[in-house]
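Down below is the structure, laid out as structure tokens.
All of the numbers you see were taken from the coordinates with simple rules; none came from a lab. Values in this document were obtained by computation on a predicted structure and should not be read as measured data. Heads up, the Cβs are rebuilt from the backbone with ideal geometry, glycines too, and the neighbour counts pull from every protein chain shown.
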Amino acid sequence: MKRIFLIVILLFGFGFAKAQQLQSYINEALKNNPNIQASELRYNIATEKVNEANWLPNTEFATGYFISEPETRTGAQKARFSVKQMLPWFGTVSAREKYASAMAETDYVDYLVAKRRLSLNVAQSYYVLYSLKAKQVVLDNNIQLLETYEQLALTAVEVDKASAVDVLRLQIRQNELQQQKEILQEKFVAEQAVFNGLLNRDGDITVEVVQQMILPQTEPIVDDSLGLNPELLRFDRLYASVTQAELLNQKEGAPKIGFGLDYLPVQERANLNFSDNGKDIIMPMVSLSVPIFNKRYRSKTKQNELRQFEIQSQKQERLNVLESAFAKAIAGRNEARIAYHTQSKNLEQAKNAEQILIKNYETATIDFNDVLDIQELQLKFQLNQIESVKRYYSQFAILNYLTK
């Protein structure tokens, strides 16, 4: 459901194909990431412990040889052979299996949390890559725009309507933008390595990102219920495991029953003829183990009660953290939308100012200082707009992590 919801949301912004592209990256990460593989193995180990829980105490075998043979009416005892099996109280094995299953459920929730966090990290890294690539495109366009202005300035210099200083200023500005572009490229390479690391592949593999992202026209509805977040479900599973641990503790604190058998071979008495002469001795046995003076189980009961109170407190604390994160993500998403629309208005006005300056060129009144100021404003608005889009989708990824 989380993945489907993410794709639906992304459809609003940058199309089905590109949403599928990001989802394919997330699927690849979930398949290959070592941390996810380790979490899955921990869950498999915990599942196997359910089989391990189905055990009984070792069967005891003993043998002894009489050096000084006890003499009985029917003959001398030569040796002793015995076997003994202790059995736990009724339901102990079942309680042990249920406790192991409860612990496995906790590990499974940890596995789900790890997958959700990885999906969030991949999505956010993807949005960073998009912003870095989109900013480079904007810088390229602005460099080309400055080259056009430079040609206008050169023409104006030829007719003594502009100074050579104006041309130099335009060239310096181009150099600065080229520098920014190269720095962004270095950042892109570094973030690409981070992204590929999440997918557990070579860091220099090229990551394809969407060329343009826009905000959805209407804000998708976000469910503010955090109750199904695995981070909270984990505490429910822990609480259940402690409950099973206490049931197991009660069973283990009950008496244990033992069954056994002793066999003593007897040597026949010589020169005597009577019934049962040399008859071997077979003695069935029943034993009972009672923890009369053992405070261990009462202490465990107290520990389990305290542990449950601790888990409830931890869950409430984590719920508070998630609610704060949810509120911040909502605010961040709304702030990004506000900033995006503000930058759109500013950009439109800056373009109008640019058109006025170009028309002024026809009357030979162009001021290249104003040109540079307007160009710098346009660049600022364009870069801020890209940053707003990145922040919007990053915050939406957080909301998706928290609620789905």
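Values computed for the structure shown
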item	result
Estimated distance in nm for a label pair at Gln151 and Leu56, the labels positioned 7 Å out from Cα along Cα-to-Cβ	9.4 nm
Phe66-Thr243 FRET efficiency (beta carbon distance; Förster radius 35 Å; 0.05 resolution)	0.10
Pairwise Cα inverse-distance average, inverted: Kirkwood Rh of the chain (Å)	28.6 Å
Computed FRET value (nearest 0.05) for Ser225 with Asn141, which takes r as the C-beta separation and R₀ as 51 Å	0.70
Selection of trypsin sites (Lys or Arg not before Pro), segment 66-129, meeting DSSP coil and at most 16 other Cβ within 10 Å	Arg73, Lys78
Convex hull volume per residue in cubic angstrom - Cα atoms of segment 98-247	162 Å³
Electrostatic dipole magnitude of segment 55-175 [Cβ: Lys, Arg +1; Asp, Glu -1; Cα centre; debye, to 20]	760 debye
On Cα atoms only, tilt of 296-362 relative to the major axis of the chain in degrees	10 degrees
Listed residue (Gln179, Gly75, Gly91) projecting farthest to the positive dipole end of the chain, Cβ model	Gly75
Full-extension gain in nm, Ala325 to Val159, via 0.36 nm per residue minus C-alpha separation	53.6 nm
Candidates per chymotrypsin sites (Phe, Trp or Tyr not before Pro) in segment 48-142, loop by DSSP, up to 14 other Cβ within 10 Å	Trp55, Phe66, Phe90
Dipole magnitude of the chain, debye to nearest 20 (Cβ charges: Lys/Arg +1, Asp/Glu -1, about Cα centre)	2040 debye
Size descriptor, Kirkwood hydrodynamic radius, that averages inverse alpha-carbon separations across segment 191-251, Å	16.9 Å
Cleavage-rule hits, chymotrypsin sites (Phe, Trp or Tyr not before Pro), segment 283-349, DSSP coil, Cβ neighbours within 10 Å at most 16	Phe293
Per-residue Cβ neighbour rank within 10 angstrom, fewest leading, Lys359, Lys181	Lys359, Lys181
In nm, spacing of pseudo-spin labels at Ser275 and Gln211 (7 Å Cα→C-beta vector)	11.0 nm
Choice from Leu357, Leu233, Leu129 with maximal GNM fluctuation in the chain (Cα, 10 Å cutoff)	Leu357
Sequence-distant residues sharing a close amide H with Phe66 (under 5 Å, placed H)	Ala79, Arg80
Average projection area in nm² (convex hull over Cα atoms of segment 223-320, one quarter of hull surface)	11.1 nm²
Residue among Ser313, Leu357, Ala327 farthest towards the positive dipole end of segment 309-371, charges placed on Cβ	Ser313
Residue (of Ala190, Gln395, Leu288) at the positive-pole extreme of the chain, dipole from beta-carbon charges	Leu288
